[in-house]
Structure formats: structure tokens, C-alpha cells
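Shown next, in C-alpha cells, is the structure this report addresses.
Quick note: the coordinates plus some simple rules give every number you see, no bench work behind them. These figures come from a predicted structure and were not determined experimentally. Neighbour counts run over all protein chains shown; Cβ positions are idealised from the backbone, glycine included.
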Amino acid sequence: MTRFQSAFKPDRAALVCFITAGDGDTAANLDALVEGGADVIELGMPFTDPMADGPAIQKANLRSLAKGTKTADVLAMAKAFRERHPDIPLVLMGYANPMVRRGPEWFADRLEEVGADGVICVDLAPEEDPDLGPALRAKGISPIRLATPTTDDKRLPKVLEGSSGFLYYVSVAGITGKQQAAIDSIEANVTRIKKQTDLPIAVGFGVRTPQQAEAIAKVADGVVVGSAFIDIVGEHGENAPQHLRELTASLAKAVHNARKG
Amino acid sequence: MTEQKPNSFRNQPDERGHFGQFGGRYVAETLMPLILDLEQEYTAAKKDPAFDAQFQDLLEHYVGRPSPLYHAERLTEELRKDAPEGKGAEIWFKRDELNHTGAHKINNCIGQILLAIRMGKTRIIAETGAGQHGVATATVCARFGLPCVVYMGKTDVERQAPNVFRMKLLGAEIVPVTSGAATLKDAMNEALRDWVANVHDTFYIIGTAAGPHPYPELVRDFQSVIGKEAREQMQKRTGRLPDLLVAAIGGGSNAIGLFHPFLDDPDVNMLGVEAAGHGLDKKHAASLAGGFPGILHGNKTYLLQDEDGQIAEAHSISAGLDYPGIGPEHAWLKETGRVEYTSVTDDEALSAFQLLCRTEGIIPALEPSHAIAAIVKRAKEMDRDQIILANLCGRGDKDIFTVADALGVEM
Ligand SMILES: Cc1ncc(COP(=O)(O)O)c(C=O)c1O
């Protein structure tokens, strides 16, 4: 059984938590997410030009880079996380250029070394899979793809081809941040996508509160939360862990219990 | 379409939008379906004589094409003064600075807005550096009655104030972008963010031959009117083709527009001129000279970046060249060796700017001033009976404040 398979259980949804590496005390922040009940961790690799992100995550990227975060640091954080938490799936998320800079094989080798499970590369369309996908698959690392409201049934097979781990359904056509999709549209899209894949479907973008998370957890296999955590790190800096733990705990409770009663 | 030979330099990109290893479609999934639609629509438009007829009609009666081909005799003579015996090539200009709105940018905007209308889009967005593309976009939006939002780095809003006011007069909304160095790269990020959020009704008019496929191809095709006219005009006036083409390169649209129709003429050499800013060992915008292949803004190309793939801030005195990347077709033309690329510093461009003002009575934009600076070096190495043809892709009205400032003149 892979770590993803243990995280996405058939009887309850999983909570997927995103923070940007090198923004605040990453090790302490990650521990707080896990203690709060995160089932999957997405660790953002900072990039100078995060063009699919809204202001909160843009700033987190720039704060991290301003502190001098290097790719080697991100990998070291991932490795240390894996040593502390052997069972939680770890996904690196970011943009193509930092991932392929030293060649896709280099990146895949490092991910294998640090014990990462998957990669979400925001600007690597399935059409450009050869730039990264084959190298990841050769090392057993899951390329996790994004499907969006604009991904119609005809295109979906292209997105699913060669992907594994889970599918990330981006519920709004837009950037990360505060907008949120109506639950009806989320449910309809998840149902639609389920017809074409057995992969677990995690839904994200604009999810901030336990109420929203609970509603999504009723219809999807996972709920992704990012900007809400990033805002906490931005606001509380080194004191973020305590606040992250609290928010994660309330989200995890909502997500894990959504389908009971 | 012109006939294409199997080993032609003119049959790129391939069906996946790649120019050799460069180009491609590196965009977020939300945009992919739209990009595929655009490709389909462009393919259909290319085959539609009505589309071309409307494009040509607007170029003639609205833009003022064909632009003149001009023999710069006084500049030629001036450069011959310190050339060795028998040296000092003839210098000619393709005068795209005489277009409506003062630069080549309008050629592309006419083509793209016709595509936008064809696709039923009702809102236009654009990024701009110098403001020339922003002005050209605002112009075609006014002409066709579509709302227009222009993203412009805050730094550029300040250094290109006249163009900002022009865009406002034309009815566009200007959004100053404060992220990063607040220049063209950041404006492009912000335009992409807008686009992702408004895919259903919005058309993104990209201002240079870069971005995800099919943009590099369609911008090139629309700008190729420059080279097609120049080729015909040169043959008519001199009975021959030029020996060397020269053009400045920001993203590379005016250069590819001039070069492309000549790529299969083996005797025509080509020189693309990047901005060396304060110098190649300092801050500059010469991505071919100082960059490495990477992925940004939807395409794979040469980028100024560090060893971790973080994008560097570019610098050029010319806002239109101040970008850390370059269109993918130029990356490919460099690797194939078909086109030579060089770079010119801020100071060299400033001298060339003044030289053209005084010898020809033409105030060039700072962008083509880079091409002129390269000519100053090349002309004296070439024989007197050889011909250099440069793209005078923009006029300098927008730059007089920047130039005054650089020369220490209070206005
Ligand atoms: C007059 C002029 N020339 C050149 C450029 C650079 O763009 P490109 O390399 O696409 O021609 C600009 C861009 O703003 C411009 O305004």
C-alpha cells in the first residue's frame, strides 16, 4: 500500500495541507499541521514568478526567497519531514522552472532520496509531460495533475494519462486565494470526473473554513487548504505553529466526520 | 502562404508548438482548453481569405502600411568617416516607427483583435513594458469598441508616463503592477492571473513573439508583414536583397517579423540585438547572451535565471527590452546558427539615439537605438557596396524624458 492509499480512505475524506517551504519555521509549521490532523502535506517550492497564485501565496514565495531559500534547503526540509513523519504522504508543489533546472532526472533522484511521494507542477501541462513525467515515474514518484472547471470530458483523459497518487480538482477558474466555488458545481464536477478515474479526487482553491471543508468532504475524497495557512504564517511568523495546529484540528475534524450522520 | 522546403528555416513550430526544443505550452490547466481553442481558431483564420482581407485592409487604411523603406545616406556617410578604405556599408531603414501609434506593435494587435472577435470574446487584456504594446492594444480596442485592461509594472508606469496617459485617453484601464521589480515580467504574470480568472470572455493580446503556443507563431505571422514588404521594396529599389538585417530584441517580435520572410535566403545574414543594460557582467536584459534554457510564461526559452531556476530581474534603459526572456523561435534560431545575436549597452544605445537624431532627423525609440548601435559597429566592417537593413520599429517621443534624464538635462 502506498502512503497515498493509506491517506485516502474509502470511508472518510482526507485533509490535504499546503504551506510554502522556507516561509516561517517550516519544520515547526509542518509538525503543527500533522499534529492538527493533516493527512497529506503539500510543500510549496518557492518561485520568483508564481503566476497561478493569488497575493497570499505570491507573498509567501517572495518572503521565502528573500530569506535566501534554495532548492537544496527545500529538499533538506522535505528529508527532515520524512524522517520525523514516516507515514504522511509528502507532495512537492511548484512551478516547472525550478524543478527542471538541473534536469528532470536530477530532480526525480533527489525526490526519491528525500522520500517524497508526488509532485504537482502547476505550469506543466500534460502536453509537456516529457519534461518531467517520465523521470518521476521511473522513480516511483507520482505526477499529480490538476483538473479545472475548464477541463471537459473530452480533455480529461489527457490529464489523467500518466498521473497517479490523486487528482487535484481546482474548483474555480482563477488563482489561489479567496474565491470559492458553489458546492453544487463541485459535486457535479467530481461526479463527472469519477466516471473516468479511480484516483482519489482532492478539491481545493478558496477553502478556508471547517464549514466549507465539511461540505466538500461529503462529495470528494480530499479537501485541500493552502492560502488560509499561508495567511497565518504571514501574520504570526515564528508564532504560527500554534495557530496552524488549531485551524488544522478544526478542519480535520470537519473533514473526517463529514460523512458521519 | 509561401512554399516551404523540407529543410526550410520557415516551417517551425511543429504541431505541438515546439521550435526545436523551445516553445511549447507550459500553462496552468485552466488555460489549456482556451489555448487549444485559440490554436484551432487561428488555423481556421489562416485559411480564411476574409480574415486576411480584413487584416490587410486595416493595415493599409488604419495603420498606414506599407511603411517606407528609407536609405539613410547621411548616417551611412557619417559611419564611413572612420571606416577603413572601401568599407562602410549602405544603411537602410524599414520605417515601422511611422505606423499609427508609433511602433510595429500595432501590426500584431490588429491581427489578434480580429481573432478575439472571431472567437466571440468581449474583453481584452494585455501586458506592456514601454507602453507601446499597451497603446496599440488600447487603440484597437477603441477602434472595435471592446473594453481593455492593461497590466503595466509600476516602474514602467513611472518611466513611460506619456504612454500611460495615451492609453487612458483611448479608454483603457491601466493596472500598475507592484510585484517583483514591477516591470514587464511582473505585468505578464498579472495578465496571466487575470486571464485564468476570466477565461470565458477574455482574450489576452500578448505583445511579443513569446508565451504559450500558438502565440509565438501568430505574433510572428502578423509581424511578418514587415519583412515581406521590406523584401519586395528592397528588390524594387536596388534589384537585390540586403546583406545584413538588424533588429532589436525584447521578446523578439519586430526582429522575427523582419527576419522570417528572409530566413531561407542564404545570402542574407541576420543580427538580433539584445539589451546589455549596464554591461553583460552587471545588470542586463540579454537572455541569449547571459541566460540558460528554462520555462516561464508558457514557453521554454533562454531565461536570465540563477542555478535554482529563479528568474533574475532584467535591466535595460529601454522599457521595451527590459525582460529576462526571449521568444522561443529566437532561441531556436540561435541554436541552429541561422541568426547571429549580439548585445548593446544602455550607453551605446543612448549615443546611437543621438546619432540618428542628428544625422537623419529621426528621433528613434530606445529599442531600435540598440539596433542602430549595433550597426555603428558592423557597418565599418562591411564593404561599401553591401547593404544593411535595420528595423526602425518605434519612434522616440515616448523616450525623451528617459533620455533627458540620462543626459542630465532638466525638462
Ligand atoms: C518600439 C519597440 N521596439 C521593440 C520593442 C521590443 O519588443 P519586440 O522584441 O517584441 O519587438 C518594444 C516593446 O515594447 C517597442 O516598444
Seminar exercise, completed: Put in order of increasing Cβ neighbours within 10 Å, starting from the fewest, B:70, B:341, A:95 give B:70, B:341, A:95
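Label region B:1-156 by shape, choosing from rounded, prolate and oblate, from the square roots a ≥ b ≥ c of the eigenvalues of the Cα gyration tensor; if a/c is under 1.5 it is rounded, and otherwise prolate applies when a/b is larger than b/c, oblate when it is not. Working shown, then result.
Numbers: a/c = 1.85, a/b = 1.48, b/c = 1.24.
Taking the square roots of the gyration eigenvalues as a ≥ b ≥ c, region B:1-156 is prolate.
Express the relative contact order of chain A as a whole percentage, based on alpha carbon pairs under 8 Å and six or more residues apart in sequence. Could the numbers behind the result be given before it?
Details: 510 pairs, mean separation 67.9, N = 261.
Relative contact order comes out at 26 percent.
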Problem set entry | For region A:226-260 versus region A:112-153, the gap between their alpha-carbon centres in whole angstrom | 26 Å
Problem set entry | Under the Debye formula (equal points on every Cα, no solvent term), log10 I(q)/I(0) of region A:89-167 at q = 0.14, 0.17, 0.24 Å⁻¹ | -0.40, -0.59, -1.14
For this session: Check the cysteines of the protein assembly as shown one by one and keep only those with no other cysteine Cβ under 4.7 Å from their own.
Result: A:17, A:121, B:109, B:357, B:393
Exercise. With the Cα gyration tensor of region B:259-411 giving a ≥ b ≥ c as the square roots of its eigenvalues, does the rule (a/c under 1.5 for rounded; else a/b larger than b/c for prolate; else oblate) give rounded, prolate or oblate?
Worked result: oblate
For this session: Report the percentage of all Cα-Cα pairs in region A:3-257 whose separation exceeds 28 Å, rounded to a whole percent.
Result: 24 percent
Exercise. Of B:46/B:398; B:105/B:283; B:105/B:228; B:185/B:283, which ones are farther than 23 Å apart at the Cα?
Worked result: B:46/B:398; B:105/B:283
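Sort B:411, A:51, B:270 so that the residue with the fewest other Cβ atoms within 10 Å of its own Cβ comes first and the one with the most comes last. Please report the intermediate quantities before stating the final value.
Working: B:411 7, A:51 26, B:270 22.
Final ranking by Cβ density, sparse to dense: B:411, B:270, A:51.
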Exercise. What per residue convex hull volume, in Å³, do the alpha-carbon atoms of the protein assembly as shown yield?
Worked result: 151 Å³
For this session: Identify the GluC sites (Glu not before Pro) of region B:40-101 meeting these criteria: DSSP loop state and at most 12 other C-beta atoms within 10 Å of the C-beta.
Result: B:85
Exercise. Taking 0.36 nm per residue of separation and subtracting the Cα-Cα distance, what length does fully extending residue A:257 through residue A:35 add?
Worked result: 78.2 nm
Problem set entry | Pairwise centroid distance, computed over Cα atoms, of region B:20-76 with region B:311-348, Å | 21 Å
For this session: Please provide three numbers in whole Å: the alpha-carbon extents of chain B along the principal axes, with the largest listed first.
Result: 63, 52, 46
For this session: Report relative contact order for chain B in percent, whole number only (criteria: Cα-Cα under 8 Å, sequence separation at least 6).
Result: 21 percent
For this session: Counting other beta carbons within 10 Å of each Cβ, put B:141, A:121 in order, fewest first.
Result: B:141, A:121
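With +1 assigned to the C-beta of every Lys and Arg and -1 to the C-beta of every Asp and Glu, and no other charges, what is the dipole magnitude of region B:329-411 about the Cα centre in debye, to the nearest 20? Don't skip to the answer; put the middle values down first.
Values: 9 positive and 15 negative charges, 52 e Å.
It comes to approximately 260 debye.
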Seminar exercise, completed: Answer in debye to the nearest 20: the dipole magnitude of the protein assembly as shown about its Cα centre, from +1 Lys/Arg and -1 Asp/Glu charges placed on Cβ, is 940 debye
For this session: In a Gaussian network model over chain A where Cα atoms closer than 10 Å are linked, find which of A:235, A:112, A:187 has the largest mean-square fluctuation.
Result: A:235
Exercise. Under a plain spin-label model, where a point goes 7 Å from the Cα along Cα-to-Cβ, how far apart in nm are residue B:168 and residue B:16?
Worked result: 4.7 nm
Seminar exercise, completed: Expressed in Å to one decimal, the Kirkwood Rh of region B:59-105 from all distinct alpha-carbon pairs is 12.3 Å
For this session: Give the span of region A:18-104's Cα atoms along each principal axis, as three whole-Å numbers ordered largest to smallest.
Result: 31, 30, 22
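Exceeding 19 Å between C-alpha atoms, which entries from my cross-link table qualify? They are A:59/A:79; B:94/B:236; A:59/B:282.
Over 19 Å apart, Cα to Cα: A:59/A:79; A:59/B:282.
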